[in-house]
């Protein structure tokens, strides 16, 4: 028989099973993205413990074992930082922009700080050193150097990456930021006045919501994809064609110019 748990009960069970910290948002993520099934009614969400166990056995342990087989048993799995939640792996300013190529800040800290262990035999840097990052990306190294009391220089070929990095490490006058945000909002409202864009987008979002609820119900749709019950590409292409007629009707209704 199935043993059903609430999300809070499943969190405690998973933490004990994996021997690591697990949050309720971790379990909710698995439900939302169709990794495990959702049961229950009257507003209560329940999870089958067998589903959760099967998922972790398939996706948690095998990932670690797979990399150890490829790289050897001396692999320092602690540097995967898999025990950290996403919010901890992208702490404070690293969440300002969803830059896809960034390091985990804890990984950068590991190589910069003074701690040593069985893998890192000696510290290479100390407080007051100057660190050069010739491909600084979104500025992870620069920020962590600031936290550790080190100086840093970052270089990147992308002007946008340099902008992100500078915003993260510069000192800002929050009052000036608030005033600028207000001015931008005021100008945007002035620009939109008399245009149909806002009404068009509002109705488009409403139609999308109805369409997605009918053809892409979450998390059931994601679960069917994971279980290969439907072919995602074929299904999505068919539904895309169905929605295009709704889209073009709205474009005509609000006289939107499409580039």
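The values are calculated or read from the model by the stated rules, or taken from the named source; none is laboratory data. Remember, it's a predicted structure, so these values are computed and weren't measured experimentally. Please note: Cβ atoms are built from the backbone with ideal geometry, for glycine as well, and neighbour counts cover all protein chains shown.
Would you be able to say whether some residue in the stretch 33-41 is at positive phi and more than 23 Å from the chain's Cα centre (by Cα)?
Yes, because at least one residue in the stretch 33-41 is at positive phi and more than 23 Å from the chain's Cα centre (by Cα).
So which of 57, 63, 50 ends up being more than 24 Å from the chain's Cα centre (by Cα), in a helix (DSSP H, G or I) and exposed (fewer than 15 other Cβ atoms within 10 Å of the Cβ)?
Being more than 24 Å from the chain's Cα centre (by Cα), in a helix (DSSP H, G or I) and exposed (fewer than 15 other Cβ atoms within 10 Å of the Cβ) holds for just one of 57, 63, 50, which is 50.
Across the stretch 85-122, which residue is surrounded by the fewest Cβ atoms within 10 Å (Cβ to Cβ) among those that are outside any loop (DSSP other than H, G, I, E, B) and either touching a residue at least 40 places away in the same chain (Cβ under 8 Å) or touching a strand residue (DSSP E or B) at 6+ places or on another chain (Cβ under 6 Å) (or both)?
Across the stretch 85-122, the extreme among qualifying residues is 93.
In the stretch 123-156, which residues are within 23 Å of the chain's Cα centre (by Cα), assigned to a loop (DSSP other than H, G, I, E, B), free of Cβ contacts under 8 Å to residues at least 40 places away in the same chain and under 15 Å from residue 168 (Cβ atoms)?
Passing the criteria: 136, 137, 139.
Checking residue 115 against (1) in contact with a helix residue (DSSP H, G or I) (Cβ under 8 Å, 6 or more places away or on another chain); (2) at pLDDT below 95, which single condition isn't satisfied?
(1)
For the stretch 164-256, please list each of the helices (runs of 4 or more DSSP H) lying entirely inside it that holds at least 3 residues being free of Cβ contacts under 8 Å to residues at least 40 places away in the same chain.
The qualifying helices (runs of 4 or more DSSP H) are 174-192, 197-215, 232-253.
Being under 22 Å from residue 226 (Cα atoms) and not in a helix (DSSP H, G or I) is the filter here; which residues of the stretch 6-47 pass it?
Within the stretch 6-47, 33, 34, 35, 36, 37, 38, 39, 40, 45, 46, 47 qualify.
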